[in-house]
Each structure stands twice: as C-alpha cells, then as structure tokens.
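Participant: Pasting in a structure now, in structure tokens, and then I'll have a few things to ask.
Here, each number is a calculation from the coordinates, and none is a lab measurement. This is a predicted model, so every value here is computed, not measured. Cβ: placed from backbone, ideal geometry, glycine included. Neighbour counts: every protein chain shown.
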Amino acid sequence: MTLRIGTRRSPLALAQATEVADRLRATGVEAELVGMTTSGDRNTAVTGPAGLKGMFVAEIVRALREGEVDVAVHSAKDLPAEDEEGLVLAVVPPRASPLDVLVTRDGELRRGAVVGTSSLRRRAQVLRWRPDVLLEDLRGNVDTRLRKLAEGEVDAAVLAAAGLTRLRIVPEHAAPMSITEMLPAPGQGCLAIQARADDAETLSALAPLDHEESRMALTAERSLMLRLGGGCALPLGAFADVVGGRVRMVAAVYTPDGAREARTAVGGHEPEEVAELAATDLLEGGAAEILGAVRG
C-alpha cells in the first residue's frame, strides 16, 4: 500500500512529513507527500489567542476527512487540544528536543537588546527572565526569522530546537534554554500523526511508528491544555516526561507582560491523572483569571 501524507509546503512541514515517510518505508510501507497551502500560510496577519496555529491545521484536516489524503502530519504544538470528529491521533513518533533556543546575532544579549518572537508564551517568559530587553513581533518560517535576525531587524530570536534540528540548521550563536528559563509549548518537539478513525488499514500501517513514552507525555500536555480551555496559542508552558513508567509534568501560565505566573510540578502514573492535578494547581493559583484576561 502507499499512504498519501498531507502536509503544509513550508520547509519545516515538508521535513517533518519526510521524516514520517522515511519511518514508514523502513517498515515496508510506501508513502507519498501531498503538499498543501493553508489559510495560515496565506494570512500571516492573524493574531490573538486563536492565532494562526489552527489555520495551519484546518485545511489538512479537511483533506484527511474527505479522503484526499490518508495521513496528516502536524507539529503537535499546532494542534487544538480536542480531537477532530471522525479523526484520531494515530501515532506519536519519538519526540525531538522540546526545548527552545535563543539565537543571537553576535553571541551576546545586551541590556536593551531586541528579542523577536510572536508567541505570547515566549514573550512573557523572556520578560520574566530578562526584563531589561525589548520585544519585537517576529513572524515567518525559520529561514525568514533567521534572515531578519541576520539583517538586524532584531538582535535575538527564540526558536524551537526541534525545528532547527529537523531543518539541519546550526546557527553560529545558539544557546538551548532550560525549562527554568523557557518552559516549552505543550507538544513542542512532538509530531502528531492523524488518520481517519474508521481507516483500519492505515491505522495498522502506522502502528509501528508509535513511541509510548512520547505519546504519554503528549497526552498529558494536550489534556492539560484542554482543561485550561483548549487554545494552542495561549501563554501556557508545559513539559511532561516519563521516567520509570511515571509521568512528571511542569506547567505554568503567564500574564503577557510576564509579571505574574501560576506554576506547578506534579507526577502520577497516568497522563490524564497528571493533567488533572496540574490543572487544579494552576487554576487555584490564578490561571483562570490570567487566561480569561488574555482571551478577553
């Protein structure tokens, strides 16, 4: 069989889909990429809690639902927390690094430097970590953002380590940020592979690609996001890992100016249990008020 993989046409999306195709071929399943241009690619001016992320996903999801493709590959952090009707998150391959990376033009982040990012989560944490720097909205794919950095539009940019790795880009001045400095977005570093719930043949072909610990971590992070309102562009950081069969998660919600934080660290044996504990702690710490103000 040959599986048709739906993907955006951006360099990173194609690299991710190619990774999945290569993993499938290693199991004896042929795959072909079906590139699509989404409304998010056409309209980069959208802002707000809903953001561009859902727009990057919606048209590929439609093509999957209508049978134009058999599989959809997404950056897990772009997926809404709630599964689409009739579709399932079929498998989660091994997770790449969940960390963010600070890329600077000359290796320094001086007082008053301009840091580029369009993410509410990153902006808030940069301000908590370095209140002496300035922030500038920075959009576009990885190459575009690195070009703007090189041309002096900003002095630094915060990027996902996984994206740089998948594109095989090694900036000259790049420093991984610890989860203490920059808690990643839920799902960062994970690929989410969707299929139709009733497509048994495709689900069977995809099954060998699943990595249990990565799936458990992603399930915990997405479940927390759902409990806090489902938006994938909110100032929410969450990172779960699995050690000895136990799920651990650190999560936090921030005001956009970084002045206020609700934070928790919890653990348990089941992803849903851990998500529930984290959500309870965050809500008791003021997360509902913080997120309500952002959405409003």
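Participant: Taking segment 190-249, how much of its Cα-Cα pair set, in percent, is spaced more than 13 angstrom apart? Present the calculation step by step, with values, prior to reporting the outcome.
Facilitator: On the way: 1194 of 1770 pairs.
Value for segment 190-249 (Cα pairs over 13 Å): 67 percent.
Participant: To continue, here is another question. Over segment 100-176, consider all pairs of different Cα atoms and compute the Kirkwood hydrodynamic radius from their mean reciprocal separation; express it in Å, one decimal.
Facilitator: On the way: mean 1/r = 0.0815 Å⁻¹.
Kirkwood hydrodynamic radius for segment 100-176: 12.3 Å.
Participant: Scan around Arg8 for amide H atoms under 5 Å from its own, H built in the peptide plane at 1.01 Å from N, and keep only partners 5 or more places away or cross-chain.
Facilitator: Those lying under 5 Å, H to H, from Arg8 are Met36.
Participant: If you don't mind, another one. Per the helix-only calculation at 222 nm, which mean residue ellipticity applies to the chain, given -39500 (n - 2.57) for every DSSP H run of n ≥ 4 and division by its residues, nearest 500 deg cm²/dmol?
Facilitator: -10500 deg cm²/dmol, from helical runs alone.
Participant: For semi-axes √(5λ) of the Cα gyration tensor in Å, the listed values are (1) 38, 26, 18; (2) 48, 21, 16; (3) 30, 23, 17; which was obtained by calculation from the structure presented?
Facilitator: This structure yields the entry labelled (3).
Participant: So if a site counts as exposed when it's one of the GluC sites (Glu not before Pro), its DSSP state isn't H, G, I, E or B, and it has at most 10 other Cβ atoms within 10 Å, what's the longest stretch of the chain without one? Each step should come with its number before you reach the end.
Facilitator: Working: sites that count: Glu66, Glu82, Glu85, Glu108, Glu151, Glu172.
Longest stretch, sites excluded: 173-296.
Participant: Let me know the shape class of segment 136-228, please: from the alpha-carbon gyration tensor, a ≥ b ≥ c as square roots of the eigenvalues, rounded when a/c is under 1.5, otherwise prolate if a/b is greater than b/c, or oblate.
Facilitator: Prolate is the answer for segment 136-228, as a/c is 1.5 or above and a/b outweighs b/c.
Participant: Another one. In 5 Å bins starting at 0, how do the alpha-carbon pair distances of segment 70-145 split up by percent?
Facilitator: For segment 70-145, the pair-distance distribution reads 3, 10, 19, 19, 15, 12, 10, 7, 4, 2, 0.
Participant: Counting only other residues whose beta carbon sits under 11 Å from that of Pro98, what net charge do I get with K and R as +1, D and E as -1?
Facilitator: So the environment of Pro98 carries a net charge of -1.
Participant: Where is the GNM fluctuation largest for the chain (alpha-carbon springs, 10 angstrom cutoff): Gly35, Gly286, Gly245?
Facilitator: The residue with the greatest mean-square fluctuation here is Gly245.
Participant: Classify segment 225-295: rounded, prolate or oblate, from the alpha-carbon gyration tensor (a ≥ b ≥ c, eigenvalue square roots; a/c under 1.5 rounded; otherwise prolate if a/b is larger than b/c)?
Facilitator: prolate
Participant: Taking 30 Å as R0, compute the FRET efficiency from the Cβ-Cβ separation of Arg111 and Thr144 and round it to 0.05.
Facilitator: E(calc), rounded to 0.05, equals 0.65.
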